[in-house]
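The block underneath contains the structure these notes are about, expressed in structure tokens.
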2 protein chains.
Amino acid sequence: MTEVTRHLAKWVVDSKFADIPASVRQSGVRSLLNWMGCAVGGSRHETIDRAIAALKPFSGPGQSSILGRTEKFDVLHAALINGMSSHVFDFDDTHLKTIIHPAGPIASAVVAMAEHRPTTGAELLHAFILGVEVECRIGNAVYPAHYDIGWHITGTAGVFGAAAAAGKLLGLDEQKMIWALGIAGTQSSGFREMFGTMCKSFHPGAAARNGIAAAHLAEQGFTSSNRVLEAPRGFAHVMSTARDFNEITGGLGEVWETALNSYKPFACGIVIHPSIDGCIQLRNEHGLKPDDIARVDLRVDPLVLELTGKKTPQTGLEGKFSVYHSCAAAIIHGAAGEKEYGDAVVRDATVIALRDKVDAVAQDDIAEDEAFIKITLRDGSVLNKHVEHAIGSLERPMDDKALVAKFDDLARDVLPVERADALRELCWKVESLKDAADLARAAVVVK
Amino acid sequence: MTEVTRHLAKWVVDSKFADIPASVRQSGVRSLLNWMGCAVGGSRHETIDRAIAALKPFSGPGQSSILGRTEKFDVLHAALINGMSSHVFDFDDTHLKTIIHPAGPIASAVVAMAEHRPTTGAELLHAFILGVEVECRIGNAVYPAHYDIGWHITGTAGVFGAAAAAGKLLGLDEQKMIWALGIAGTQSSGFREMFGTMCKSFHPGAAARNGIAAAHLAEQGFTSSNRVLEAPRGFAHVMSTARDFNEITGGLGEVWETALNSYKPFACGIVIHPSIDGCIQLRNEHGLKPDDIARVDLRVDPLVLELTGKKTPQTGLEGKFSVYHSCAAAIIHGAAGEKEYGDAVVRDATVIALRDKVDAVAQDDIAEDEAFIKITLRDGSVLNKHVEHAIGSLERPMDDKALVAKFDDLARDVLPVERADALRELCWKVESLKDAADLARAAVVVK
């Protein structure tokens, strides 16, 4: 395959919205809704406060909204900040084949651009889906070798997707789309070493910003390599030890990565999800109250204790690394959203009392998305639940109702209920919006 | 070495201007002068026109000047554009150990910042030298493995240097300097695949911009890894197959990479420099005129013909890849600056006539910076010159007079002579400037 970049660029340029199957469009809408909830919900994080304090002096005209807040920045900075907000809780979407969080780089780009230049909702959704395809296909081509080296693939692959989406909105021709991918690719960056620091959420934001800039530069005739993906000194050789270009060009328009996107129901590392899922199911089936419970016994994949074995978390962030806290809070509150990982909940006496009754044992023959939960009540009775596939997995995806509950939980924490509800409805009907800028306008705090 | 990043950051934070030997400061001044000439001279290139057209709509307030032009952009965008201008002719400085072009990422950062916040000339020069040290030492640690993979080391190492220089101007403490290096490092990027396209000069510009942003983010407490250089998933492992951290931390404050900077006397690939040098020497020693010459015979390193063997160049750019044109133009004009690579000179009948009399033979035992030139005159007499080390090499550096001639040639092409001369004098006395913003203000075109 000698013309991988051209092949991909041509597909993006030639794509018509009508070519995209309805089910894929609906997957796109769900991804966008989930992203919007995460971005609005994460917008008050101190990561965002600090980024805004640092970059505000350099922002251009107030072209685009900072979601969940009052500020307006230029398109590039707005995309950067919104991309950070959407990832800062680690609660956004996951393309499970590559661990890419697809929406951050792409949605942040197209939503910010839509406020600056007339864009219909269908155009936005179309560009978003194409961007996700470009991003995830490039990820597929180099995963896992690329990730194993230490690259944060959401940033490194995301910048290509953002450029493709931005270029689609700008109506670039084939040559300029190739250049946009090239200008984007030569900015591809982001180390996994940054996990656990504010730089992690910087990566999807920077990918969005750099992708938009790449498309605008290409629009003006700013040249680049025609072979950024496949050249011996291009992306797939320089940034990976293995590669399969057929993952990029094979089945374009037939196999859709957007349809494989998944969503986290719980605001913590995915390995605890089966345990939380089982606890919430038992709670709801039996109307459990904390006082009823004598002990909770979990049998889990070994990774659970390795990654989330913290017995006595002191802060909300530490709570995310405690399977004990997670299950206790889930039984008491019936959820494990961002709120259940607040400092107050982690320090709550009732939660701590139940947490101390949770025991977990690792078993090699249990899968990562599997768990066995046994709850022994004070009256001696025993409740069992075997979670074969946690909610949020591809085998048991979150349904629209669950996505709405997650969105509401996140958005209502930041926006008044009526505004959060209106924003949710705009997301659902994005395909029919005459002006896609309505999305961002509905997502801000009115002074 | 477990704390490479901290060690380097601490050195930058603790450095006092008085610690820098006078000869190193003078090397810094020469680097700055050479950079300024290149940036002003390159500012009218279509690469710059296109970048400005694309990015102007997103620029913030007019905080900093675009050198050689009339526009003012925000600090970040000004650094980006000026960094591109300074590299677009491939005529800027070279750290020969790593092929880094040191000044682009660093000078573009500090000169743009100096217009936004009060900075003395000594502070600017100090930050510039520290930035070059950080950049070149990180380069030394991973060269040549890192470069051989396909990374454009000026961009990848430059972003660290830009962050260090910007952080020094902001007065960051040790922790924040570490974060600045981390935020910069996780943006490290740029493929050699982009050589020959406009993206090549984008790399130093982006490094300057991203380094400044990194320092400002760190100033606001935006966190990053403490170990971006040495961590298993950090820069030196992810982006190189070999590394020597002692190159970063060994002899800090004793060995100065700034003093090893070199400058191109001729606006073309360095392999032709010995031939041009010898031709100009013979011309000046003997007052040669083109009509006197029967033939020119060169014996050169094989790379010369491989890289610059174009017999009949049609454009200025092609002229840079023709040892024949280069020698002919040099004999006629006594120089091989940007002007001698203009389309008009390449198409000039006198130049073409002499070009056709130039013959070049490759010899394996001739070094890259060596050449033998034999000019046979119409009267049968023969002139010989053996260039052991070309002008511009470390063994035979350009003296101040040659640097001035180069600067004047570049700057006077864009600025009125009096303004170009005044700018040159400001560069020479940068150390004593009360307000380093004078530099940028002197380098713009007054409407």
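Assuming B:Pro105 fulfils every condition listed in (1) modelled with pLDDT under 95; (2) buried (at least 20 other Cβ atoms within 10 Å of the Cβ); (3) not basic (Lys, Arg) apart from one, which condition is it?
B:Pro105 satisfies all of (1) modelled with pLDDT under 95; (2) buried (at least 20 other Cβ atoms within 10 Å of the Cβ); (3) not basic (Lys, Arg) except (1).
Taking the condition of being β-branched (Val, Ile, Thr), over 21 Å from B:Val300 (Cα atoms) and part of a loop (DSSP other than H, G, I, E, B), how many residues in the stretch B:370-429 meet it?
Total satisfying the criteria: 1.
Condition check ((1) farther than 25 Å from A:Arg243 by Cβ; (2) more than 15 Å from the chain's Cα centre (by Cα)) across all residues:
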site: A:Arg25; (1), (2): yes, yes
site: A:Met36; (1), (2): yes, no
site: A:Ile48; (1), (2): yes, yes
site: A:Leu76; (1), (2): yes, yes
site: A:Lys97; (1), (2): no, no
site: A:Met113; (1), (2): yes, yes
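Surrounded by 14 or more Cβ atoms within 10 Å (Cβ to Cβ), over 29 Å from B:Leu394 (Cα atoms) and hydroxyl-bearing (Ser, Thr, Tyr), is that true of B:Thr315?
Judged against the criteria, B:Thr315 is not a match.
Given the residues A:Ala166, A:Ala242, which is the only one that is under 23 Å from the mean Cα position of the chain (by Cα) and more than 8 Å from chain B (Cβ to nearest Cβ)?
Numbers: A:Ala242 fails: under 23 Å from the mean Cα position of the chain (by Cα).
On inspection, the qualifying residue turns out to be A:Ala166.
Determine whether the stretch A:291-298 contains at least one residue that is more than 22 Å from A:His45 (Cβ to Cβ), part of a helix (DSSP H, G or I) and out of contact with any strand residue (DSSP E or B) (no Cβ under 7 Å at 6 or more places or on another chain).
If we filter the stretch A:291-298 for residues that are more than 22 Å from A:His45 (Cβ to Cβ), which is where we start, we get A:291-298.
Narrowing further to those that are part of a helix (DSSP H, G or I): A:291-292.
Now narrow it down to the ones that are out of contact with any strand residue (DSSP E or B) (no Cβ under 7 Å at 6 or more places or on another chain): A:291.
Yes - at least one qualifying residue is present in the stretch A:291-298.
Can you pull out every residue in the stretch B:89-106 that is of a type in the set (A, V, I, L, M, F, W, C) and either out of contact with any helix residue (DSSP H, G or I) (no Cβ under 9 Å at 6 or more places or on another chain) or within 12 Å of B:Asn34 (Cα to Cα) (or both)?
Scanning the stretch B:89-106 gives B:Phe91, B:Ala103.
Would it be correct to say that B:Gly337 is assigned to a helix (DSSP H, G or I) and touching a residue at least 40 places away in the same chain (Cβ under 8 Å)?
On the way: assigned to a helix (DSSP H, G or I): no; touching a residue at least 40 places away in the same chain (Cβ under 8 Å): yes.
No; evaluated as a whole, the condition is false for this residue.
Quick check on my filter: what residues within the stretch A:251-264 are buried (at least 21 other Cβ atoms within 10 Å of the Cβ), touching a helix residue (DSSP H, G or I) at 6+ places or on another chain (Cβ under 6 Å) and of a type outside the set (Val, Ile, Thr)?
A:Trp256, A:Glu257, A:Asn261, A:Tyr263
Have a look at B:Ala145, B:Ala184, B:Ala157 and point out the one that is at pLDDT 95 or above, away from chain A (no Cβ under 11 Å) and buried (at least 24 other Cβ atoms within 10 Å of the Cβ).
Numbers: B:Ala145 fails: buried (at least 24 other Cβ atoms within 10 Å of the Cβ); B:Ala184 fails: away from chain A (no Cβ under 11 Å).
Within the list B:Ala145, B:Ala184, B:Ala157, the selection yields B:Ala157.
Report the residue count in the stretch B:406-418 for those that are out of contact with any Lys or Arg (no Cβ under 9 Å at 6 or more places or on another chain) and touching a residue at least 24 places away in the same chain (Cβ under 8 Å).
Residues in the stretch B:406-418 being out of contact with any Lys or Arg (no Cβ under 9 Å at 6 or more places or on another chain) and touching a residue at least 24 places away in the same chain (Cβ under 8 Å): 2 in total.
What is the number of the single condition among (1) small (Gly, Ala, Ser); (2) free of Cβ contacts under 8 Å to residues at least 40 places away in the same chain; (3) within 12 Å of chain A (Cβ to nearest Cβ) that B:Gly150 does not meet?
Among (1) small (Gly, Ala, Ser); (2) free of Cβ contacts under 8 Å to residues at least 40 places away in the same chain; (3) within 12 Å of chain A (Cβ to nearest Cβ), B:Gly150 violates only (2).
Give the residue that is nearest to the other protein chains (Cβ to nearest Cβ), with candidates limited to residues of the stretch A:17-27 that are assigned to a helix (DSSP H, G or I) and farther than 20 Å from A:Pro265 by Cβ.
Per the stated criteria, the residue is A:Phe17.
Name, by its number, the condition in (1) outside any loop (DSSP other than H, G, I, E, B); (2) at pLDDT 95 or above that does not hold for B:Val271.
Result: B:Val271 fails condition (2) only.
Return the residues of the stretch B:29-66 that are at the interface with another protein chain (Cβ under 9 Å from one of its Cβ atoms), in contact with a Ser or Thr (Cβ under 7 Å, 6 or more places away or on another chain) and not in a helix (DSSP H, G or I); say none if nothing qualifies.
Once the filter is applied, which keeps residues that are at the interface with another protein chain (Cβ under 9 Å from one of its Cβ atoms), in contact with a Ser or Thr (Cβ under 7 Å, 6 or more places away or on another chain) and not in a helix (DSSP H, G or I), the stretch B:29-66 yields only B:Gly60.
Output the number of the condition that B:Gly190 fails; it satisfies all remaining conditions of (1) buried (at least 24 other Cβ atoms within 10 Å of the Cβ); (2) more than 9 Å from chain A (Cβ to nearest Cβ).
Just one mismatch for B:Gly190, condition (2).
Can you confirm whether the stretch B:355-364 contains a residue that is surrounded by 17 or more Cβ atoms within 10 Å (Cβ to Cβ), over 32 Å from the mean Cα position of the chain (by Cα) and either assigned by TED's automatic domain parsing to the domain that holds B:Cys279 or among the acidic types (Asp, Glu) (or both)?
Taking every residue of the stretch B:355-364 in turn, at least one turns out to be surrounded by 17 or more Cβ atoms within 10 Å (Cβ to Cβ), over 32 Å from the mean Cα position of the chain (by Cα) and either assigned by TED's automatic domain parsing to the domain that holds B:Cys279 or among the acidic types (Asp, Glu) (or both).
Can you name the residue in the stretch A:293-312 that is of a type in the set (Asp, Glu) and surrounded by 15 or more Cβ atoms within 10 Å (Cβ to Cβ) and, of all such residues, is modelled with the lowest pLDDT?
A:Asp301
Output the number of residues of the stretch A:423-447 satisfying the condition of being more than 22 Å from A:His116 (Cβ to Cβ) and in contact with a Leu (Cβ under 9 Å, 6 or more places away or on another chain).
Counting residues in the stretch A:423-447 that are more than 22 Å from A:His116 (Cβ to Cβ) and in contact with a Leu (Cβ under 9 Å, 6 or more places away or on another chain) gives 2.
Listed here are the residues, each with its yes/no results for (1) under 23 Å from A:Pro57 (Cα atoms); (2) among the hydrophobic types (A, V, I, L, M, F, W, C).
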| residue | (1), (2) |
| --- | --- |
| B:His126 | no, no |
| B:Asn140 | no, no |
| B:His146 | no, no |
| B:Trp151 | no, yes |
| B:Gly167 | yes, no |
| B:Trp179 | yes, yes |
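Here's a check for you: in the stretch B:67-76, which residue that is touching a helix residue (DSSP H, G or I) at 6+ places or on another chain (Cβ under 6 Å) and within 14 Å of chain A (Cβ to nearest Cβ) is surrounded by the most Cβ atoms within 10 Å (Cβ to Cβ)?
It comes out as B:Leu76.
Quick one: which of A:Ile106, A:Ile138 is touching a Gly at 6+ places or on another chain (Cβ under 7 Å), in contact (Cβ under 8 Å) with a residue 24 or more places away in the chain and either closer than 18 Å to A:Leu170 by Cβ or assigned to a helix (DSSP H, G or I) (or both)? Outline the logic, then answer.
Numbers: A:Ile138 fails: touching a Gly at 6+ places or on another chain (Cβ under 7 Å).
Testing whether each residue is touching a Gly at 6+ places or on another chain (Cβ under 7 Å), in contact (Cβ under 8 Å) with a residue 24 or more places away in the chain and either closer than 18 Å to A:Leu170 by Cβ or assigned to a helix (DSSP H, G or I) (or both) leaves just A:Ile106.
So B:Gly392 passes all but one of these: (1) assigned by TED's automatic domain parsing to the domain that holds B:Ala22; (2) among the small types (Gly, Ala, Ser); (3) within 30 Å of B:Glu370 (Cα to Cα). Which condition number does it fail?
Of everything listed in (1) assigned by TED's automatic domain parsing to the domain that holds B:Ala22; (2) among the small types (Gly, Ala, Ser); (3) within 30 Å of B:Glu370 (Cα to Cα), B:Gly392 misses just condition (1).
Mind listing whichever residues of the stretch A:366-387 are surrounded by fewer than 16 Cβ atoms within 10 Å (Cβ to Cβ) and under 24 Å from the mean Cα position of the chain (by Cα)?
A:Ala367
Among the residues that make up the stretch B:1-16, is at least one of them over 18 Å from B:Ala436 (Cβ atoms), without any contact (Cβ under 8 Å) to a residue 12 or more places away in the chain and either of a type outside the set (Lys, Arg) or assigned by TED's automatic domain parsing to the domain that holds B:Ala165 (or both)?
Among the residues of the stretch B:1-16, at least one is over 18 Å from B:Ala436 (Cβ atoms), without any contact (Cβ under 8 Å) to a residue 12 or more places away in the chain and either of a type outside the set (Lys, Arg) or assigned by TED's automatic domain parsing to the domain that holds B:Ala165 (or both), which makes the answer yes.
Just for the stretch A:199-226: of the residues that are surrounded by fewer than 24 Cβ atoms within 10 Å (Cβ to Cβ) and facing chain B (nearest Cβ under 7 Å), which one is nearest to B:Gly205 (Cα to Cα)?
Only one residue fits best here, namely A:Thr223.
The values are calculated or read from the model by the stated rules, or taken from the named source; none is laboratory data. Just so it is clear, the model here is predicted, and its values are computed rather than measured. FYI the Cβ positions are ideal-geometry reconstructions off the backbone, even for glycines, and counts take in every protein chain you see.
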